[in-house]
Amino acid sequence: MKKLLTGNEAIALGAYEAGIHYASAYPGTPSTEILEELARYKEKIIAEWAPNEKVALESALGASIFGARSLAAMKHVGLNVAADPFFTAGYTGVNGGMVLITADDPGLHSSQNEQDNRYYAKFGKVAMIEPSDSQEAKDMVKIAMEISEEFDTLVLMRLTTRVCHSKSLVEVGERKEVPLKPYKKNLMKYYVAPAVAKQLHVKVEERLKRLEKFSNETDLNYIEWNDKKIGIISSGIAYQYAKEVFGNNASYLKLGFTNPLPVDKIKKFAQEVETIYVVEELEPFIEEQVKALGIDCIGKDKIPNIWELNPEIVEKSLLGNERETIKYDKSIVVNRPPTLCAGCPHRAFFYELGKRKNTIITGDIGCYTLGGAEPLNAMDTTICMGASVSLGHGMEKLINKYNDDRRVVSVIGDSTFFHSGMTSLLDVVYNKSNTITCILDNRVTGMTGHQDNPGTGYTLQGETTKMANIPEIVKALGVEHVRTINPLKLNELKEAFDWAYDLDEPSVIISRWPCALKRLSEYDKKEFKYVPGVCEVDQEKCIGCKMCVNTGCPAIYFDKETKKSSIDEVQCVGCELCMQVCPVKAISKVGE
Amino acid sequence: MAETKSVLLVGVGGQGTILASKILSAGLVEAGYDVKMSEIHGMAQRGGSVSTQVRYGDEVFSPIIGRGEADVLVSFEAMEALRWLEYLKPNGKVVVNDYKIPSAPILMGKEDYPEGVIDIIKSKSNTSVINAANIAEELGNMKVMNIVLLGALVKAMDLSDIDWEKAIKDNVKEKFVDINLKAFQRGMDAV
């Protein structure tokens, strides 16, 4: 039976069929759905959300060393967090087969950079595979498990957004049960003290030679002979774009196993074709290695190494062809940036924080990054997970040393705090700065599509569990000044900021209210009481001051002709922020 | 041999473009086509401009297209059609919903929603204008706007022979099947 599946769904299916026992991940676009899909096989697979990618990779490595087939998944920048265990796992190898999935995001659809993680495979000296559609994604997970066990290596599976989130047809198979391998204590393999690591490095180099031989022999790297004037070397989604443009008018060396590269196969291919194009997305990972073999090829001289590739770019870059398009004045189209949702608890928070003078606001990664956009404009920086707290600390130390009169407010989400904000906050306490850390606890991991986390009280597979208590954690880290407030009440926010700005010691404000889109859990229903109804503007009373509009709520519309605001009752969830900012009390709650 | 066709569905995050694409793809698979579909998740979904691409034929390679490559552009919102019009083949078709969703700069009164968007599109391409909002309202649920547009798309692409009833039944909750079937038919009739 064939099913139309995304690459992520296909990977979960492939992992299931490959008999894996354990999987762990931290959610991150475009990788998130892999674990969500795997979580459904409760009987057969343990699937977990880890607090961060390092923990996910280490847990999966633990499962592998114990003898299980295991998988860890993360977005490209997540592998930076997991880089420490990644490199040493390259030395230890595995017991049960282990696949590490990195989902890169060319085009930065939902990321802070577009790093090309193929270099990690070369850097960490592990095997790498790259699928170019969902069927390959499924098949390759299964093959990767075998490669991992045969060569005693971690296998890095590199995906990109268009492989993860494109659907194509996949043949559904059966699960093959694979028993756990026995675990035996083996210091020379898993106890990576310097003397052991020294010997393991020798083995790693030997393994690479064996893997290169495999790379030349495997069907994952295959040649399609057509016209030999043009020969294309490609991998991943870029191969599909090349096929789209050149069809049968070129020969192809399609690479599915890309570290180490199949040197002999590349040489053989090069001998028979006249001109070689290397078609790859982002960096010249293959091209550089082909050129190092002394083979002439055309790649990044013509194809850009920035942003997402598509068939149009391949065709224009290599053939000089431009498609005819409809000509019109595009400048009249108004920008449509993403916004915080109607009723989002982050909106009131940033609205109030944005009023503070002499303040530097360090932000973090999540929906609340949008607090830095118009019209809230309440953020100075966003770098990576957890950086808000540590960046703020660095700034505050200098502010104190040079008697600057500014204050730093660090803003971080609940899941991001668990991910890597806790160690940063420990630094604030340990090294004595007086930053104000605000934890926006919206009771869920929001941006990636509502995943549970250590604070929600539920696991990925739906079991109830201990609910991490943020105020207690913060106090245990040594912060003595901690307040929890309801962000939908502007006066509570204002009082909390006044209080924190007056302190000479570090403080934490926990802004606690569920994401407006969250399906409330039993715990949430007990804790959060909603007043039903939606907000409505009395057109007689409205003076057109735009105070409500300046909250950036997408449910509020300002009519330039009548100079009055109005509220879309379909979008409004009745959070009452606009009611609080209206200076003439023109907004009230109606209905239900 | 069936040449690969490309459908570009665009709209605003939350309008249900992904569900419409899912049903479209399911129907095409059932009809025996090779199908690829591409969608975007994450940050862009928060009220931003969104696009989904569906490609079908004997053998489809790329799941996405570039400018000047779409056979049909289905826009769930008027201004979005103009944003994406350069992706349409010059002889391609447009199905556009006569429905406006002001974006943030417009809501805040900083910019105006452009005048005469639908007229510009009509003057540039073979266009069917659908008032999916009115139809959905008549049917009693604004959310079925996406299925009205799907019906219009199916008619515009000459795909009426496929078993769409099954595709809809397989992809929506049971209690919404009837209203979605009606919405689909009304969309077909509107072209």
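Karplus-based coupling profile of region B:142-154, in residue order and whole Hz: 4, 5, 7, 3, 5, 7, 4, 5, 4, x, 5, 4, 4, with θ = phi - 60° in 6.51 cos²θ - 1.76 cosθ + 1.60 and x standing for Gly or Pro. Pick out, from A:Ile485, A:Val508, A:Gln461, the residue whose Cα sits farthest towards the positive end of the charge dipole of region A:430-571, with +1 on the Cβ of Lys and Arg and -1 on the Cβ of Asp and Glu. Projecting each Cα onto the dipole axis, the largest value belongs to A:Gln461. Taking the Cα centre of the protein assembly as shown as origin and assigning +1 to Lys and Arg Cβ atoms and -1 to Asp and Glu Cβ atoms, the resulting dipole is close to 1140 debye. Straightening the chain between A:Asp301 and A:Glu324 buys 5.8 nm, computed as 0.36 nm per residue apart minus the Cα-Cα spacing.
Exposure proxy ranking for A:Cys367, A:Cys344, based on other Cβ atoms within 10 angstrom of each Cβ and starting from the fewest, stands as A:Cys367, A:Cys344.
Here's the picture: a label point sits 7 Å out from the Cα of A:Asp405 along the beta-carbon direction, and within region A:337-368 the residues with their amide nitrogen under 13 Å of it are A:357-359. Just so you know, the Rg over Rh for region B:105-171 is 1.09, from Cα atoms, with Rh as the Kirkwood radius.
Computed over neighbours whose Cβ is under 14 Å from that of B:Thr52, the net charge equals +2, Lys and Arg +1, Asp and Glu -1. Computing FRET efficiency as 1/(1 + (r/R0)^6) for A:Lys525 and A:Phe123, where r is the C-beta to C-beta distance and R0 is 51 Å, gives about 0.60. For region A:362-449, the Cβ-based charge dipole about the Cα centre amounts to some 200 debye (Lys, Arg positive; Asp, Glu negative; other atoms uncharged). Centre-to-centre, using Cα atoms only, region A:357-379 and region A:22-40 are separated by 29 Å. With Cα atoms defining each centre, region A:192-232 and region A:430-459 are spaced 42 Å apart in the structure. Judged by the ratio a/c of the largest to the smallest principal axis of the C-alpha gyration tensor, the protein assembly as shown counts as oblate, that ratio being 1.5 or greater while a/b is no larger than b/c. Distance between the C-alpha centres of region B:49-82 and region A:66-133: 31 Å, rounded to the whole angstrom.
So if I take the alpha carbon set of chain B, get Rg, then get Rh from the Kirkwood formula, what is the Rg over Rh ratio?
Details: Rg = 15.8 Å, Rh = 16.6 Å.
On the Cα set of chain B, Rg over Rh gives 0.95.
Packing order of peptides B:23-31, A:110-118, A:346-354, highest average first: A:346-354, B:23-31, A:110-118 (average count of other Cβ atoms within 10 Å over each peptide's residues).
The string of couplings for region A:192-205 from the Karplus curve (6.51, -1.76, 1.60, θ = phi - 60°) is 7, 7, x, 5, 6, 4, 4, 6, 5, 4, 4, 5, 4, 5 Hz, one whole number per residue in order, with x for Gly and Pro.
Take B:Asp163, A:Asp139 and order them by how many other Cβ atoms sit within 10 Å, fewest up front. Walk me through the numbers before you get to the answer.
Numbers: B:Asp163 12, A:Asp139 21.
Lowest to highest Cβ neighbour count: B:Asp163, A:Asp139.
Using θ = phi - 60° in the Karplus curve 6.51 cos²θ - 1.76 cosθ + 1.60, the 3J(HN,Hα) couplings for region A:167-173 round to 9, 8, 6, 9, 7, 7, x Hz; x is entered for Gly and Pro. Taking other residues whose beta carbon is less than 11 angstrom from the beta carbon of A:Val411, and scoring Lys, Arg as +1 and Asp, Glu as -1, yields -2.
At R0 = 60 Å, how high is the FRET efficiency between B:Glu115 and A:Met1 if r is their beta carbon distance? Nearest 0.05 is fine. Mind dumping the intermediate values first?
Details: r = 52 Å, r/R0 = 0.86.
Rounded to the nearest 0.05, the efficiency is 0.70.
Towards the positive end of the charge dipole of region A:144-195, with charges on Cβ (+1 Lys, Arg; -1 Asp, Glu), say which of A:His165, A:Val178, A:Tyr191 has the farthest Cα. Of the options given, the answer is A:Tyr191.
Check A:Gly552: other-chain or 5+ apart residues with amide H under 5 Å from its amide H, H built from backbone geometry? Here the answer is none, since no amide H 5 or more places off falls under 5 Å of that of A:Gly552. The count of lysine pairs in region B:26-150 that are at least 8 places apart or cross chains, and whose C-alpha atoms lie under 27 Å apart, stands at 14.
Any idea what the dipole of region A:93-215 comes to, in debye rounded to 20, about its Cα centre with Lys/Arg Cβ at +1 and Asp/Glu Cβ at -1?
Numbers: 20 positive and 18 negative charges, 136 e Å.
Taking the Cα centre of region A:93-215 as origin, the dipole is about 660 debye.
If you take each beta carbon of peptide A:238-246 and count the beta carbons of other chains within 10 angstrom, what is the mean?
Values: counts 1, 2, 6, 5, 2, 4, 10, 3, 1.
Counting other chains' Cβ atoms within 10 Å and averaging over A:238-246 gives 4.
Seen from B:Phe176, the other residues with C-beta closer than 11 Å to its C-beta sum to a net charge of +3, counting Lys and Arg as +1 and Asp and Glu as -1.
Computed from the coordinates by the stated procedures, all read-outs in this text should not be read as laboratory data. Given the structure is predicted, the values throughout are model-derived calculations rather than measurements. With ideal geometry, Cβ positions are generated from the backbone for all residues, glycine too; neighbour counts draw on all protein chains shown.
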